[in-house]
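Asker: What follows is a single structure, and I will ask about it in a moment.
Rule-based calculations on the coordinates, nothing more; no lab input. If you're wondering where the values come from, they're calculated on a predicted model, not measured in any experiment. Here Cβ is always computed from backbone atoms with ideal geometry, including for glycine, and neighbour counts include all displayed protein chains.
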Amino acid sequence: MERSSTRLWRRRELLATIGGMLLGWGIGGLSGCFPRTFPSSSRESPVSAPGSREGRPLRIGYLPITDASPLLVAEALGFYRDEGLGSAELHLFRSWAQLMEAFQAHQVDVIHLLMPAAIWLRYSRRFPARVVAWNHVNGSALTVRPEIQQLKDLGGQTVAVPFWYSIHNVILQMLLRKAGLRPVLGGEGKVGAEEVRLVVLPPPEMPPALASGRIAGFIVAEPFNALAEVQQVGRILRFTGDVWKEHACCVVVMHEADLEQAPSWAQGVVRAVVRAQVWLRRNRQEAARLLSRSGRAYLPHPPEVLERVFAAHLSGYESILQHPEWSPLRIDFQPYPYPSYTEALVSALKETEVDGETGFLSTLEPAEVARDLVLEEWVRQAIAEVGGPEIFSQPATWSRQEHIEP
């Protein structure tokens, strides 16, 4: 009885904490973009002509997750100003759908975006978006209720993903297939013992949904996995970086018109992001404090939660790691967009259940997507300027082999 009361109190505490954060950041039950320090919302911001840079500040759209760290740190440390771009406007969004809506309306210039969503945006929506760098590697986990001990226990349950076109959905379905479970997309009611219902939830809504029992687990970017741990309403079942070694989750996406019409400006953005990733690798604990609500408050999370994410070693999780030889970090930073990853991801998407129109996937040739979607020239140059791939513990060959072992 005492244990039940304690758990109930913790769930109420979590709901109150999340509710306060959402209201404080203008992302409670509302929609659209709510800038951290700027008055206009994404639905109210004036739409500028694509590629037109004159008299316009750099506008960055992001979600309140650690995937956005390089874009945020580059502003905090003045790297955009060093590149002659001035101060950046930072616009916080609540969901991936809202972020992409604002990007397509040219209300923001640069975003961090799920790599599968970037594929969907360019080839399904036929929107001229390009990937110019990776924003980070790893940085996500599958978090479940404390009583769930193995993947098989998710049979008959509901698990949340942040977006159908996400590495989270791809990796989760790999894990489910290995466990002999079948995904059921959306809907309501009970599912079979060998099925798992997948639903889309914005990342900030996931820990409260887990605490209330509405879902049995979620797979998402940090720090929401760490938050569930700190509040003792969830436990990590698998780290995504322990399934796909050093996978990209979020990438830096820009408008193709800006890349063509303002190349110097665009190169400045890439250089600033690469410098920020160097700094993040060398200053993990300082990054946690800087980004937290006790620092610059770019992310509405307490420092103790972010410190878990930015830890220099993944200790205390030995019992759940399947590939300790990979030495995975909870989150790491490496900006080079390996073509082998894009190719493997396109192939994996063709085997992943997603809601909506998927016919375009059958027309995609992996190597062609890697060449057409990703602009690697500028990030290569920026990496060379900071010391080469070795600075990021990467091979000097600019190539790698993908390791995917669920």
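Asker: If neighbour count is taken as other Cβ atoms inside 10 Å, put Thr158, Thr66 in order from fewest to most.
Answerer: By the 10 Å Cβ count, ascending, the order reads Thr158, Thr66.
Asker: Ranked by Cβ crowding within 10 angstrom, fewest neighbours first, how are Val220, Val230, Val251 ordered?
Answerer: Val230, Val251, Val220
Asker: Something else about it: Kindly put Arg284, Arg94 in sequence by how many other C-beta atoms sit within 10 Å of each C-beta, fewest to most.
Answerer: The order, fewest Cβ neighbours first, is Arg284, Arg94.
Asker: State the label only: which of [x] 25.4, 86; [y] 21.8, 69; [z] 20.1, 66 corresponds to Rg and Dmax of the Cα atoms in Å computed from the shown model?
Answerer: The value matching this structure is [z].
Asker: Now for a separate question. Around Val200, which amide H atoms from residues at least 5 apart in sequence, or from another chain, sit under 5 Å from its own amide H, with H modelled in the peptide plane?
Answerer: Placed amide hydrogens put Val161 under 5 Å from Val200.
Asker: Can you tell me which of 334-344, 75-85 comes out highest on packing, and rank the rest after it, using the mean Cβ neighbours within 10 Å?
Answerer: Top to bottom by mean Cβ count within 10 Å: 334-344, 75-85.
Asker: Among the aspartates and glutamates, select those whose C-alpha is under 18 Å from the C-alpha of Lys178, and discard any that sit fewer than 8 residues away in the same chain.
Answerer: Partners within reach: Asp153, Glu194, Glu195, Asp242, Glu351, Glu353, Glu405.
Asker: With the contact rule set at Cα under 8 Å and sequence spacing of 6 or more, what percent relative contact order holds for the chain?
Answerer: For the chain, the relative contact order is 22 percent.
Asker: Now a separate question. With θ set to phi - 60° and the Karplus curve 6.51 cos²θ - 1.76 cosθ + 1.60, what are the ³J(HN,Hα) couplings of the range 95-100 in order, to the nearest whole Hz, using x for Gly and Pro?
Answerer: 9, 5, 4, 5, 4, 5
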